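Asks: Below is one structure. I have some questions about it.
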Amino acid sequence: MIVAGAGVQGTAHLARAQGCQDAFKAVDLGDAAVLAVSDGAGSRDRSALGAHIAVDAACRLLARDIPAAQETPEAWTAWTAGCGKAVVEEYLRAVAGVSGDDASDPGDLAATLTAAVVAPPWAAFVSLGDGFGTLLTRDDRCHLVLPPPEGPTAFLSSPGAELRIRTFVVWEPELSGVVLSTDGCAPLALDHPTVRELPVSAGPLPADGFFLGLAAALRDNDGDAEPLRRLLSAPEAGSRTGDDLTVLCALVEEGRPWP
């Protein structure tokens, strides 16, 4: 498994002397990988800390007791749903631990979460907020399996977060990788449907050139994240979005037979 990621401070944040509020973390388990990215709420002073708490909690909990490849879809679905609830609970517990007397209002550490377990041929997702996830297949196709939701952004600290978190599982025998991104990457990584002569109702679509080029560069460099960091730091990237940009991916070794 090739696991690589990079986070870059947004140009708008840099202009306001505001630090990067994104965080990412990955756990490489050999035959599987756990990925998590988080975007702290820009209006909250301690949201960067909240983002780090979110990815730490997600990676710790999603790395436990991962179902075997031979398990049923029902087993995978139940396990993922349980993890989603547990991540929210662990985040709130950790936030309470650092908030002291303000533990009743965790909003200062508000953060989103987009996380995945990549265990071919399975991919399990846990998400709350406006991050997005893309699945790559061996026929060089990209599938936006976790599109950014419409409406106001929800955070792990939002009331009822444990009921709003999204969890789902994909079984894909041709799985070649999973890429998670924070919302700042949308102008770079997502195409408007009209670009492909589709109606607006089709929603955003993954930009094949972005994802396939990224995967090819990482494979050619044995997982060195420098090409990814250069891509996110390029002037044309900064001109399209002033937000922080974070991308994290796990690519399956080519030619690997599934269990």
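The values are calculated or read from the model by the stated rules, or taken from the named source; none is laboratory data. Nothing here was measured: the structure is a model prediction, and the numbers come from that model. Positions of Cβ are backbone-derived with ideal geometry, glycine not excepted, and every protein chain shown enters the neighbour counts.
Asks: Restricting to region 169-192, name every residue that is at pLDDT 95 or above, over 17 Å from Asp22 (Cα atoms), not in a loop (DSSP other than H, G, I, E, B) and not polar (S, T, N, Q).
Replies: Matches in region 169-192: Val169, Val170, Trp171, Leu175, Gly177, Val178.
Asks: Oh, and also: Against the condition at pLDDT 95 or above, polar (S, T, N, Q), touching a strand residue (DSSP E or B) at 6+ places or on another chain (Cβ under 6 Å) and farther than 18 Å from Phe155 by Cβ, how does Thr72 come out, does it pass?
Replies: The answer is no for Thr72.
Asks: Okay, next question. Please verify whether region 128-150 includes one or more residues that are within 20 Å of Thr246 (Cβ to Cβ), touching a residue at least 24 places away in the same chain (Cβ under 8 Å), surrounded by fewer than 19 Cβ atoms within 10 Å (Cβ to Cβ) and aliphatic (A, V, I, L, M).
Replies: Yes, that holds for at least one residue.
Asks: Only one of these is over 19 Å from Ala116 (Cα atoms) and buried (at least 21 other Cβ atoms within 10 Å of the Cβ): Ser157, Ser201. Name it.
Replies: Only one candidate passes the filter, namely Ser157.
Asks: Looking only at region 159-206, how many residues end up being without any contact (Cβ under 8 Å) to a residue 60 or more places away in the chain and among the hydrophobic types (A, V, I, L, M, F, W, C)?
Replies: Residues flagged as without any contact (Cβ under 8 Å) to a residue 60 or more places away in the chain and among the hydrophobic types (A, V, I, L, M, F, W, C) within region 159-206 amount to 10.
Asks: Do you know which of the residues in region 4-35 that are of a type in the set (Val, Ile, Thr) and at pLDDT 95 or above is surrounded by the fewest Cβ atoms within 10 Å (Cβ to Cβ)?
Replies: Val27
Asks: Select from region 210-226 the residues that are under 16 Å from Leu136 (Cβ atoms) and more than 19 Å from the chain's Cα centre (by Cα) and write down the one among them that is surrounded by the fewest Cβ atoms within 10 Å (Cβ to Cβ).
Replies: Of everything passing the filter in region 210-226, Asp220 is surrounded by the fewest Cβ atoms within 10 Å (Cβ to Cβ).
Asks: If you don't mind, another one. For region 230-251, state whether one or more residues are of a type in the set (Ser, Thr, Tyr), at pLDDT 90 or above and closer than 20 Å to Val3 by Cα.
Replies: yes
Asks: Give the residue that is surrounded by the fewest Cβ atoms within 10 Å (Cβ to Cβ), with candidates limited to residues of region 36-63 that are modelled with pLDDT of 95 or more and out of contact with any strand residue (DSSP E or B) (no Cβ under 8 Å at 6 or more places or on another chain).
Replies: The qualifying residue surrounded by the fewest Cβ atoms within 10 Å (Cβ to Cβ) is Arg60.
Asks: I'm checking my understanding of the structure. Among residues of region 163-183 that are surrounded by fewer than 19 Cβ atoms within 10 Å (Cβ to Cβ) and under 15 Å from the mean Cα position of the chain (by Cα), which one is farthest from Phe125 (Cα to Cα)?
Replies: Step by step, filter region 163-183, then rank; the result is Arg166.
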